[in-house]
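Written below as structure tokens is the structure these notes are about.
The values are calculated or read from the model by the stated rules, or taken from the named source; none is laboratory data. If you're wondering where the values come from, they're calculated on a predicted model, not measured in any experiment. Cβ sites come from the backbone with ideal geometry, for glycine too, and all protein chains shown count toward neighbours.
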Amino acid sequence: MTLQAQTEVAAELVNVRRVYQMGGTEVAALDGITHQFGRGEYWSIMGSSGSGKSTLLNILGCIDRPTEGEYLVGGSPVSTLNDDQLSELRGARLGFVFQSYNLIPQLDVLENILVPVMYRDEWPPWALDRAKELAERVGLGGRTGHRPPELSGGQQQRVAIARALINDPDLILADEATGNLDTKTAEEILEVFDELHAEGKTILLVTHERSIGLRAEFTLKLVDGRTEEVVENRSS
Ligand SMILES: Nc1ncnc2c1ncn2[C@@H]1O[C@H](COP(=O)(O)OP(=O)(O)O)[C@@H](O)[C@H]1O
Ligand SMILES: [Mg+2]
């Protein structure tokens with residue numbers, strides 16, 4: 001990794017709070033997080049259930065906004081973007097992988113991979129070829145015409161990863177992406193993340209499983225919506 005890649009910031013949180021109103025009381029799901037994720041880095045975000053992991057990932061993925069503080073992607077403060085600019089940012093620069101795959105059951109593998117492209121104003125000429133390449137890459141080249149109900153959980157998650165990659169995003173966000181999978185299938189999915197990291201993608205992976213969290217270069221550990229510690233998992 002070059003020095004520049006290490007110092008360049010992909011995503012930055014400055015004193016981010018996210019408060020939910022529950023009846024008359026406030027719940028601070030995130031309570032003042034300041035953190036920088038460097039470009040090309042592989043991070044796990046860990047913590048017990050309710051520690052704020054999903055809330056944090058949703059803010060990082062621009063699905064949710066902070067109540068206080070600032071979130072910057074590639075140096076731009078997200079609070080200054082309007083809804084159109086936000087959807088563009090989400091579609092073009094961020095790739096999301098969820099625990100529950102979130103595929104559209106009526107669409108086949110290739111069409112599901114192409115969903116993020118459908119939000120563009122114009123259909124890019126490369127889209128279909130790239131979707132086919134990505135299907136190959138995640139080992140589903142022979143199943144592009146299948147629909148999600150005809151696929152195993154691991155295969156569905158591979159479709160979701162290919163979908164997350166279709167716009168060649170800078171930042172890949174995964175929330176308990178292997179949570180519904182058996183150990184062997186989970187390992188195959190984690191190998192895809194290892195490869196993406198080796199290709200230079202920035203990966204932010206939420207997990208409550210230590211063995212999974214340790215695969216990342218760095219871990220951000222949350223307790224009650226605050227940073228408990230930041231750990232470097234292995235020297236490179
Ligand atoms: N939509 C919501 N409304 C109210 N409280 C919420 C909501 N989403 C999350 N919370 C609360 O915020 C805290 C953090 O939740 P979450 O980010 O889902 O944690 P994790 O993903 O680590 O399990 C929890 O106390 C949870 O109950
Ligand atoms: Mg969660």
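Quick rundown of the values:
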| read-out | value |
| --- | --- |
| Test: residue in segment 22-30 that is within 19 Å of Asn167 (Cα to Cα) and either acidic (Asp, Glu) or in contact (Cβ under 8 Å) with a residue 60 or more places away in the chain (or both) | no |
| The one condition in (1) touching a Phe, Trp or Tyr at 6+ places or on another chain (Cβ under 9 Å); (2) modelled with pLDDT of 90 or more that Lys132 fails to fulfil | (1) |
| Test: residue in segment 225-232 that is more than 15 Å from the chain's Cα centre (by Cα) and among the aliphatic types (A, V, I, L, M) | yes |
| Selection count, segment 72-82, where residues are free of Cβ contacts under 8 Å to residues at least 24 places away in the same chain and either within 16 Å of ligand 1 (Cβ to nearest atom) or crowded, with 18+ Cβ neighbours inside 10 Å (or both) | 1 |
| Flag if Gly69 is within 16 Å of ligand 1 (Cβ to nearest atom) and under 21 Å from Val206 (Cβ atoms) | yes |
| Total residues in segment 36-56, condition in a strand (DSSP E or B), touching a Phe, Trp or Tyr at 6+ places or on another chain (Cβ under 9 Å) and within 16 Å of ligand 1 (Cβ to nearest atom) | 2 |
| Pairs with Cβ under 9 Å, 6+ apart, first in segment 126-142 and free of Cβ contacts under 8 Å to residues at least 60 places away in the same chain, second part of a loop (DSSP other than H, G, I, E, B) and hydrophobic (A, V, I, L, M, F, W, C) | Ala127/Ile166; Arg130/Ile166; Ala131/Ile166; Leu134/Leu140; Leu134/Ile166; Leu140/Leu151 |
| Residue count for segment 7-26, restricted to those that are surrounded by 15 or more Cβ atoms within 10 Å (Cβ to Cβ) and near ligand 1 (Cβ under 10 Å from one of its atoms) | 2 |
| Segment 41-61, residues that are buried (at least 21 other Cβ atoms within 10 Å of the Cβ) and at positive phi | Gly47, Gly52 |
| Selected residue (only one of Thr202, Thr207 is within 16 Å of ligand 2 (Cβ to nearest atom) and crowded, with 19+ Cβ neighbours inside 10 Å) | Thr207 |
| From the options Ala160, Ala164, Ala174, residue that is within 12 Å of the chain's Cα centre (by Cα), crowded, with 17+ Cβ neighbours inside 10 Å and under 19 Å from Phe218 (Cα atoms) | Ala174 |
| Within segment 32-42, considering residues that are away from ligand 2 (no atom under 16 Å from the Cβ) and of a type outside the set (Ser, Thr, Tyr), the one farthest from the chain's Cα centre (by Cα) | Gly32 |
| Residues that are at pLDDT below 95 and more than 16 Å from ligand 1 (Cβ to nearest atom), drawn from segment 172-189 | Leu181, Asp182, Thr183, Lys184, Thr185, Ala186, Glu187, Glu188, Ile189 |
| Condition check for Arg90: at pLDDT 95 or above, surrounded by 15 or more Cβ atoms within 10 Å (Cβ to Cβ), in contact with a helix residue (DSSP H, G or I) (Cβ under 9 Å, 6 or more places away or on another chain) and in a helix (DSSP H, G or I) | no |
